[in-house]
Amino acid sequence: MHIIFVGPPGAGKGTQSARLSRLLGLPHIAAGDLLRAVRAQDTPLGHTAKQYMDAGQLVPDDVTIQIIEQRLAQPDAKDGAILDGFPRTLTQAKALDESFARHNSSSHGNEIVLYLKASRGVVLERMKGRWICQQCGSVYHIPNVAPTEAGQCDVCGAPLFQRSDETPEIQAKRYEVYEHDTLPIVDYYRQHGTLMEINGEQDVENVTRDILAAIDARKAALIALEPRVSGGIEGLTSKPTWRGRGDQSRPIW
Ligand code: ADP
Ligand code: AMP
């Protein structure tokens, strides 16, 4: 299954993607991380990416789509992936649909889009306090998700840093770009019936709980749509095993 996160910058997409990746065993594909790797290169493409990213703008669709398609074609993403920060435009959303239809016909139509909702005030405050590990990419927030030792990653001990596009002006620009370019894809996915809304203003644990419930609900809906066949559920990329007891049980894919 492909899990697609949509939401404003700073809503918690990266934080939740990393948790889901550990829980569900799916690769976490962060468009921003892939583009930062491109931007670090001293090449014409790297210079183009830098120009847009430093201004808080979206990198042009053709560049971003190509990078994501290449990553999705890797063997570890064969049965699904968690997409964090892609798509961010209608053109990207349509390209992703076409890509699923072309390369991944068995899971096409089985995706879930998680719309992580948080207000402008909340996301600006979250971006302001965001600190990232230089080495393993773990994300912190001071004071909301603080590391045990100040300035040091709990996971690997490396120093924490703040992103260069984390100035108040660029953050405000990124939010503006989100409203103008990315919000239209919410309606697009709503019309496709794949959208689930999540209240991203809760604490990290409760957001994860709601996301897992939304994924379960989507899978139940997909199962209900499937023709009954003996021996399994046709058309789904993988079959669930059930974990937990009684009312607490849920399928793990
Ligand atoms: P995005 O990937 O959507 O830009 P991040 O996952 O990087 O957002 O989160 C932005 C900041 O907010 C980070 O500093 C992160 O630690 C913090 N954060 C994420 N989720 C929550 C939450 N539910 N409550 C409080 N802070 C959060
Ligand atoms: P993020 O790490 O998700 O906050 O993204 C950081 C920056 O990378 C954004 O402000 C954009 O400049 C660029 N970026 C990330 N995802 C995309 C995308 N899907 N399309 C275009 N640009 C993107």
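Read-outs: derived from the displayed coordinates by stated rules, not from any lab. Keep in mind that what you see is a predicted model, and the values were worked out from it rather than measured. Neighbour counts are summed over all protein chains in view; Cβ atoms, including those assigned to glycine, are modelled from backbone coordinates with ideal geometry.
Here are the numbers for the structure shown:
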read-out: Neighbour-count ranking [beta-carbon atoms within 10 angstrom, fewest first] of 86, 161, 100; value: 161, 100, 86
read-out: Positive-end residue of 64, 86, 118, charge dipole of the range 47-130 with Cβ unit charges; value: 118
read-out: On Cα atoms only, tilt of 61-72 relative to the major axis of the chain in degrees; value: 50 degrees
read-out: The chain: calculated mean residue ellipticity at 222 nm from DSSP helix runs of at least 4, using -39500 (n - 2.57); value: -13500 deg cm²/dmol
read-out: Positive-end residue, the chain charge dipole about Cα centroid, Cβ charges, pick of 138, 1, 73; value: 1
read-out: Nearest 10 degrees, 0 to 90: helix 44-54 Cα axis against the chain principal axis; value: 80 degrees
read-out: The chain: most fluctuating residue of 213, 18, 93 per GNM, C-alpha cutoff 10 Å; value: 213
read-out: Residue of 121, 129, 137 that the Gaussian network model of the chain assigns the largest fluctuation, springs spanning Cα pairs under 10 Å; value: 121
read-out: Cα-based helix-to-principal-axis angle, 168-177 vs the chain, degrees rounded to 10; value: 40 degrees
read-out: Among 147, 44, 60: highest mean-square fluctuation, GNM of the chain, C-alpha pairs under 10 Å; value: 44
read-out: Spatially near lysine pairs across the chain, Cα under 24 Å, sequence gap of 8 or more or different chains; value: 19
read-out: Per-residue HN-Hα couplings for the range 200-212 [Karplus 6.51, -1.76, 1.60; θ = phi - 60°; Hz; x = Gly/Pro]; value: x, 8, 7, 6, 4, 4, 5, 5, 4, 4, 5, 5, 4
read-out: Shape category assigned to the range 10-158 from the gyration tensor of Cα positions, a/c cut at 1.5; value: prolate
read-out: Mean Cβ count within 10 Å, highest first, over the residues of peptides 63-74, 1-12, 149-160; value: 1-12, 63-74, 149-160
read-out: Virtual spin-label span in nm between residue 152 and residue 24, 7 Å along Cα→Cβ; value: 3.5 nm
read-out: Computed lengthening from residue 144 to residue 41, 0.36 nm per intervening residue step minus Cα-Cα distance; value: 33.8 nm
